[in-house]
Amino acid sequence: MKKKFIVILLFIVCAAIGAYFVWQCRFAPTRIALVEYMNASVADVAKAAAGSRVEIVPVKKDELAKLKRADVVLVAGMGLQIDEDQRELLRKIAASAKPIYVGNSTNPDNKITNLDSVQIAKLTAYMQGGSDKFNTREMLNYIRRELDGKTYGTHETVEARDVNSEVFVYPAEDMYFASVEEYRKYYREKGLYRENAPNIAVFTAMVSPLGENTEQVDELVYALQRKGFNVYPYAGIRNRLAVLQELNP
(Lines give C-alpha, C1' and ligand atoms only; values in the text may rest on other atoms or scores of the structure.)
Protein backbone atom coordinates (compact mmCIF):
# COMPACT_ATOMS: atom_id res chain seq x y z
CA MET A 1 0.00 0.00 0.00
CA LYS A 2 2.82 2.35 0.94
CA LYS A 3 4.65 1.56 -2.29
CA LYS A 4 1.49 2.27 -4.31
CA PHE A 5 1.06 5.59 -2.53
CA ILE A 6 4.64 6.58 -3.35
CA VAL A 7 4.14 5.67 -7.04
CA ILE A 8 0.95 7.77 -7.19
CA LEU A 9 2.69 10.66 -5.45
CA LEU A 10 5.61 10.51 -7.87
CA PHE A 11 3.18 10.46 -10.79
CA ILE A 12 1.40 13.56 -9.46
CA VAL A 13 4.70 15.37 -8.92
CA CYS A 14 5.94 14.49 -12.42
CA ALA A 15 2.61 15.56 -13.95
CA ALA A 16 2.75 18.86 -12.07
CA ILE A 17 6.32 19.49 -13.21
CA GLY A 18 5.39 18.62 -16.79
CA ALA A 19 2.35 20.91 -16.70
CA TYR A 20 4.47 23.75 -15.33
CA PHE A 21 7.09 23.17 -18.00
CA VAL A 22 4.44 23.23 -20.79
CA TRP A 23 2.91 26.39 -19.29
CA GLN A 24 6.25 28.18 -19.12
CA CYS A 25 7.33 27.14 -22.61
CA ARG A 26 4.05 27.68 -24.46
CA PHE A 27 1.32 29.54 -22.60
CA ALA A 28 2.94 31.86 -20.05
CA PRO A 29 3.03 35.59 -20.87
CA THR A 30 6.18 36.95 -22.50
CA ARG A 31 7.73 39.49 -20.14
CA ILE A 32 9.59 42.17 -22.11
CA ALA A 33 11.86 44.47 -20.12
CA LEU A 34 12.27 47.99 -21.53
CA VAL A 35 15.49 49.39 -20.08
CA GLU A 36 15.88 53.18 -19.89
CA TYR A 37 13.01 53.82 -22.29
CA MET A 38 11.22 57.18 -22.09
CA ASN A 39 7.90 57.09 -20.24
CA ALA A 40 5.98 58.05 -23.39
CA SER A 41 7.57 55.16 -25.30
CA VAL A 42 6.82 52.71 -22.50
CA ALA A 43 3.20 53.87 -22.47
CA ASP A 44 2.92 53.34 -26.24
CA VAL A 45 4.32 49.80 -26.06
CA ALA A 46 2.27 48.89 -22.97
CA LYS A 47 -0.93 50.00 -24.66
CA ALA A 48 -0.05 48.00 -27.78
CA ALA A 49 0.45 44.94 -25.53
CA ALA A 50 -2.97 45.27 -23.88
CA GLY A 51 -5.05 42.14 -24.41
CA SER A 52 -2.10 40.11 -25.69
CA ARG A 53 0.14 37.50 -24.07
CA VAL A 54 2.85 40.11 -23.58
CA GLU A 55 3.69 41.98 -20.39
CA ILE A 56 5.80 45.15 -20.45
CA VAL A 57 8.20 45.82 -17.58
CA PRO A 58 9.88 49.27 -17.48
CA VAL A 59 13.35 49.07 -15.93
CA LYS A 60 15.72 51.87 -14.93
CA LYS A 61 19.48 51.36 -15.02
CA ASP A 62 19.62 51.05 -11.22
CA GLU A 63 16.96 48.31 -11.32
CA LEU A 64 18.72 45.81 -13.57
CA ALA A 65 18.11 43.02 -11.06
CA LYS A 66 14.56 42.95 -12.43
CA LEU A 67 15.93 41.55 -15.69
CA LYS A 68 16.23 38.11 -14.09
CA ARG A 69 12.46 37.69 -14.45
CA ALA A 70 12.27 39.03 -18.02
CA ASP A 71 12.04 36.77 -21.06
CA VAL A 72 13.35 39.38 -23.50
CA VAL A 73 15.34 42.55 -22.83
CA LEU A 74 15.21 45.70 -24.99
CA VAL A 75 17.60 48.51 -24.08
CA ALA A 76 17.41 52.11 -25.28
CA GLY A 77 21.05 52.53 -26.23
CA MET A 78 21.11 56.15 -27.40
CA GLY A 79 22.89 58.17 -24.73
CA LEU A 80 22.83 55.22 -22.31
CA GLN A 81 25.14 55.91 -19.36
CA ILE A 82 25.85 52.85 -17.24
CA ASP A 83 28.80 51.85 -15.07
CA GLU A 84 30.98 48.80 -15.61
CA ASP A 85 29.05 46.64 -13.12
CA GLN A 86 25.78 47.37 -14.92
CA ARG A 87 27.44 46.72 -18.27
CA GLU A 88 28.78 43.40 -17.02
CA LEU A 89 25.29 42.37 -15.94
CA LEU A 90 24.02 43.04 -19.47
CA ARG A 91 26.92 41.05 -20.88
CA LYS A 92 25.98 38.08 -18.69
CA ILE A 93 22.45 38.24 -20.06
CA ALA A 94 23.84 38.35 -23.60
CA ALA A 95 25.95 35.28 -22.83
CA SER A 96 22.87 33.38 -21.71
CA ALA A 97 19.94 32.19 -23.81
CA LYS A 98 17.88 35.26 -22.96
CA PRO A 99 17.43 37.56 -25.99
CA ILE A 100 18.79 41.08 -25.47
CA TYR A 101 18.79 43.94 -27.96
CA VAL A 102 20.50 47.30 -27.41
CA GLY A 103 19.21 49.72 -30.01
CA ASN A 104 20.89 52.86 -31.37
CA SER A 105 23.87 52.59 -29.04
CA THR A 106 26.10 55.68 -29.12
CA ASN A 107 28.78 53.98 -27.01
CA PRO A 108 30.62 51.02 -28.58
CA ASP A 109 30.98 49.43 -25.13
CA ASN A 110 27.19 49.26 -24.85
CA LYS A 111 26.63 47.35 -28.08
CA ILE A 112 25.55 44.26 -26.19
CA THR A 113 23.18 42.29 -28.41
CA ASN A 114 22.96 38.52 -28.81
CA LEU A 115 20.50 38.42 -31.70
CA ASP A 116 21.47 37.31 -35.18
CA SER A 117 21.52 39.66 -38.17
CA VAL A 118 18.03 38.65 -39.36
CA GLN A 119 16.49 39.24 -35.94
CA ILE A 120 18.26 42.59 -35.57
CA ALA A 121 17.01 43.67 -39.00
CA LYS A 122 13.44 42.69 -38.11
CA LEU A 123 13.41 44.59 -34.81
CA THR A 124 15.11 47.60 -36.37
CA ALA A 125 12.47 47.73 -39.12
CA TYR A 126 9.61 47.61 -36.61
CA MET A 127 11.21 50.28 -34.44
CA GLN A 128 11.97 52.61 -37.35
CA GLY A 129 8.22 53.10 -37.62
CA GLY A 130 8.54 55.18 -34.47
CA SER A 131 5.43 54.81 -32.36
CA ASP A 132 3.32 53.56 -35.28
CA LYS A 133 0.53 51.40 -33.84
CA PHE A 134 0.74 48.66 -36.44
CA ASN A 135 4.51 48.27 -36.23
CA THR A 136 4.50 48.28 -32.43
CA ARG A 137 1.86 45.54 -32.22
CA GLU A 138 3.62 43.45 -34.87
CA MET A 139 6.96 43.89 -33.11
CA LEU A 140 5.47 42.45 -29.90
CA ASN A 141 3.98 39.55 -31.83
CA TYR A 142 7.37 38.90 -33.46
CA ILE A 143 9.19 39.02 -30.12
CA ARG A 144 6.83 36.53 -28.47
CA ARG A 145 6.70 34.15 -31.43
CA GLU A 146 10.27 34.24 -32.73
CA LEU A 147 12.47 35.42 -29.84
CA ASP A 148 10.61 33.90 -26.90
CA GLY A 149 9.49 30.85 -28.88
CA LYS A 150 5.85 30.92 -27.71
CA THR A 151 3.34 30.62 -30.54
CA TYR A 152 0.22 30.59 -28.35
CA GLY A 153 -1.61 33.90 -28.65
CA THR A 154 0.36 34.95 -31.74
CA HIS A 155 -0.15 35.00 -35.50
CA GLU A 156 2.20 34.63 -38.43
CA THR A 157 4.70 37.47 -38.43
CA VAL A 158 4.42 40.19 -41.05
CA GLU A 159 6.87 42.73 -42.37
CA ALA A 160 7.05 46.19 -40.83
CA ARG A 161 5.33 48.84 -42.89
CA ASP A 162 7.00 52.03 -44.04
CA VAL A 163 5.64 55.07 -42.24
CA ASN A 164 5.96 58.62 -43.46
CA SER A 165 6.11 60.75 -40.32
CA GLU A 166 5.10 63.89 -42.24
CA VAL A 167 1.38 63.09 -42.21
CA PHE A 168 -2.04 64.15 -40.98
CA VAL A 169 -3.81 61.64 -38.74
CA TYR A 170 -7.42 61.67 -37.58
CA PRO A 171 -7.93 60.44 -33.96
CA ALA A 172 -8.66 56.75 -33.44
CA GLU A 173 -8.15 56.04 -37.15
CA ASP A 174 -5.25 53.95 -38.42
CA MET A 175 -5.08 56.04 -41.59
CA TYR A 176 -2.49 58.59 -42.66
CA PHE A 177 -2.79 61.45 -45.14
CA ALA A 178 0.21 62.96 -46.88
CA SER A 179 -1.41 66.26 -47.84
CA VAL A 180 -3.96 68.81 -46.67
CA GLU A 181 -6.08 67.94 -49.71
CA GLU A 182 -6.21 64.21 -48.86
CA TYR A 183 -7.00 64.87 -45.21
CA ARG A 184 -9.69 67.43 -46.05
CA LYS A 185 -11.35 64.98 -48.46
CA TYR A 186 -11.51 62.35 -45.71
CA TYR A 187 -12.72 64.98 -43.24
CA ARG A 188 -15.58 65.88 -45.59
CA GLU A 189 -16.51 62.22 -46.12
CA LYS A 190 -16.88 61.80 -42.36
CA GLY A 191 -19.22 64.78 -42.31
CA LEU A 192 -16.93 66.82 -40.06
CA TYR A 193 -15.84 69.61 -42.37
CA ARG A 194 -17.55 72.97 -41.81
CA GLU A 195 -17.60 75.47 -44.63
CA ASN A 196 -16.03 78.82 -43.75
CA ALA A 197 -15.12 77.62 -40.25
CA PRO A 198 -11.66 78.56 -38.89
CA ASN A 199 -8.86 76.03 -39.35
CA ILE A 200 -6.71 74.87 -36.45
CA ALA A 201 -3.46 72.95 -36.92
CA VAL A 202 -2.48 70.67 -34.03
CA PHE A 203 1.24 69.95 -34.01
CA THR A 204 2.39 67.21 -31.64
CA ALA A 205 5.81 66.73 -30.10
CA MET A 206 6.33 64.05 -27.43
CA VAL A 207 2.99 62.35 -28.15
CA SER A 208 2.71 61.23 -31.74
CA PRO A 209 -0.67 60.78 -33.44
CA LEU A 210 0.87 57.65 -34.96
CA GLY A 211 1.21 56.03 -31.57
CA GLU A 212 -0.96 54.22 -29.06
CA ASN A 213 -0.89 56.69 -26.21
CA THR A 214 -2.80 59.54 -27.87
CA GLU A 215 -5.77 60.15 -25.58
CA GLN A 216 -4.83 63.73 -24.71
CA VAL A 217 -4.28 64.70 -28.34
CA ASP A 218 -7.52 62.96 -29.36
CA GLU A 219 -9.54 64.77 -26.69
CA LEU A 220 -8.05 68.11 -27.75
CA VAL A 221 -9.08 67.48 -31.37
CA TYR A 222 -12.61 66.43 -30.36
CA ALA A 223 -13.01 69.45 -28.08
CA LEU A 224 -11.93 71.87 -30.82
CA GLN A 225 -14.33 70.22 -33.25
CA ARG A 226 -17.19 70.67 -30.79
CA LYS A 227 -16.33 74.36 -30.73
CA GLY A 228 -16.90 74.51 -34.49
CA PHE A 229 -13.33 74.42 -35.81
CA ASN A 230 -11.86 72.35 -38.64
CA VAL A 231 -8.97 70.55 -36.95
CA TYR A 232 -5.83 69.26 -38.68
CA PRO A 233 -3.63 67.02 -36.44
CA TYR A 234 -0.15 66.89 -37.98
CA ALA A 235 2.62 64.51 -36.93
CA GLY A 236 5.47 65.97 -38.93
CA ILE A 237 8.23 68.42 -38.09
CA ARG A 238 10.03 69.34 -41.32
CA ASN A 239 6.96 70.63 -43.21
CA ARG A 240 5.20 72.56 -40.46
CA LEU A 241 5.74 75.96 -42.05
CA ALA A 242 4.34 74.75 -45.38
CA VAL A 243 1.31 73.30 -43.59
CA LEU A 244 0.67 76.59 -41.82
CA GLN A 245 0.95 78.50 -45.07
CA GLU A 246 -1.54 76.21 -46.80
CA LEU A 247 -4.06 76.04 -43.96
CA ASN A 248 -3.79 79.71 -42.97
CA PRO A 249 -5.16 78.86 -39.50
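The values are calculated or read from the model by the stated rules, or taken from the named source; none is laboratory data. Computed from a prediction, not measured in an experiment: that's the story for all the values here. Quick reminder, even Gly has a Cβ in these numbers, built from the backbone with ideal geometry, and neighbours come from all protein chains shown. Surface accessibility is based on the protein's heavy atoms, side chains included, excluding ligands, DNA and RNA. Shrake-Rupley method; radii C 1.70, N 1.55, O 1.52, S 1.80 Å.
Are there any pairs with C-beta distances below 8 angstrom linking a residue in the range 178-198 that is closer than 22 Å to N239 by Cβ to a residue that is among the aliphatic types (A, V, I, L, M), with the two at least 6 apart or on different chains, and if so which? As it stands, the answer is A178/V167; V180/V243; V180/L247; Y186/M175, since those pairs meet every condition given.
Among all positions in the range 158-167, there is no residue which is under 22 Å from V57 (Cβ atoms) and of a type in the set (K, R). Looking only at residues in the range 221-242 that are open to solvent by 30 Å² or more (accessible area, probe 1.4 Å) and modelled with pLDDT of 90 or more, which one is nearest to P171 (Cα to Cα)? So, considering only residues that are open to solvent by 30 Å² or more (accessible area, probe 1.4 Å) and modelled with pLDDT of 90 or more, the one nearest to P171 (Cα to Cα) is Y222. Applying the condition of being open to solvent by less than 60 Å² (accessible area, probe 1.4 Å), under 25 Å from A46 (Cβ atoms) and hydrophobic (A, V, I, L, M, F, W, C) to the range 190-220 and asking which residue is modelled with the highest pLDDT yields V202. The single condition among (1) crowded, with 16+ Cβ neighbours inside 10 Å; (2) at pLDDT below 95 that Q119 does not meet is (2).
Restricting to the range 16-40, give me the number of residues that are at pLDDT 85 or above and farther than 18 Å from Y142 by Cα. Adding up the residues that qualify gives 5. For the condition open to solvent by 20 Å² or more (accessible area, probe 1.4 Å), touching a residue at least 60 places away in the same chain (Cβ under 8 Å) and farther than 27 Å from V169 by Cα, what is the one hit in D83, D109, D62, D71? Being open to solvent by 20 Å² or more (accessible area, probe 1.4 Å), touching a residue at least 60 places away in the same chain (Cβ under 8 Å) and farther than 27 Å from V169 by Cα holds for just one of D83, D109, D62, D71, which is D71.
Filter the range 135-174 down to the residues that are closer than 30 Å to V231 by Cβ, touching a residue at least 60 places away in the same chain (Cβ under 8 Å) and surrounded by fewer than 21 Cβ atoms within 10 Å (Cβ to Cβ), then identify the one that is nearest to the chain's Cα centre (by Cα). Across the range 135-174, the extreme among qualifying residues is R137.
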